[in-house]
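Chemist: One structure follows; several queries about it will come next.
The values are calculated or read from the model by the stated rules, or taken from the named source; none is laboratory data. The shown structure was predicted, so the numbers you read here are calculated from the model rather than taken from an experiment. Because the Cβ atoms are built from the backbone with ideal geometry, glycine has one as well, and the counts that use them run over all protein chains shown.
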Amino acid sequence: MRVGQKNGIVRQWARTGSRPRQPKDQRYESAYLFGAICPAKGTGAALVMPDANTQAMQAHLAEIGRTVARGAHAVLLLDRAGWHTSSRLTIPRNITLLYLPARSPELNPVENVWQYLRQNHLSNRVFPSYETILEASCEAWNRLLEKPWKVMSIGLRQWAYEGQTQ
């Protein structure tokens, strides 16, 4: 997810007839939040990187690999962005990559995580510097992880459990 000075504006509650002010910045500094969640345990792993590229994705995979519980295996749902599909990636042994069909963001729970973070922590703000973008991104992610039930409610998908024995 890109987080930056050219940030989005989201809906907000206001008194009928009023027009609340929403800040809009015209500068272009930004960072990228690479994140993954485990909806079953309500946890996740993330890195904030200066660019979205293969090197950043490799660092993200290493971070996920470090945070997966010992003896567990992670299945990482990904779209087909170039840095997700690069043949130069080294996949940790405890991770399997599962590529989603094209143009189907509704199948990827992390898309809803980005929506939640934007709506609740990152929109309607002006970031005066790159450092404040980094701080806000880290703070937003950490605040999400403080609420494991929120990660679970955002990330669980019924189709992932169909056909499995209880």
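Chemist: Sort out which residues of the stretch 69-128 are of a type in the set (A, V, I, L, M) and part of a strand (DSSP E or B), and write them in order of number.
Modeler: 74, 75, 76, 77, 78, 95, 97, 98 - these are the residues of the stretch 69-128 that are of a type in the set (A, V, I, L, M) and part of a strand (DSSP E or B).
Chemist: Of everything in the stretch 27-49, what is touching a helix residue (DSSP H, G or I) at 6+ places or on another chain (Cβ under 8 Å) and not in a strand (DSSP E or B)? Give them in sequence order.
Modeler: 29, 39, 40, 41, 42 - these are the residues of the stretch 27-49 that are touching a helix residue (DSSP H, G or I) at 6+ places or on another chain (Cβ under 8 Å) and not in a strand (DSSP E or B).
Matching residues to (1) surrounded by 16 or more Cβ atoms within 10 Å (Cβ to Cβ); (2) within 12 Å of the chain's Cα centre (by Cα); (3) without any contact (Cβ under 8 Å) to a residue 60 or more places away in the chain:
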| position | (1), (2), (3) |
| --- | --- |
| 41 | no, no, no |
| 46 | yes, yes, no |
| 57 | yes, no, yes |
| 66 | no, no, yes |
| 69 | no, no, yes |
| 74 | yes, no, yes |
| 80 | no, no, yes |
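Chemist: Continuing with this model, one more query. Given the criteria surrounded by 12 or more Cβ atoms within 10 Å (Cβ to Cβ), at pLDDT 95 or above, touching a helix residue (DSSP H, G or I) at 6+ places or on another chain (Cβ under 8 Å) and closer than 18 Å to residue 34 by Cα, does residue 95 qualify?
Modeler: Criteria met by residue 95.
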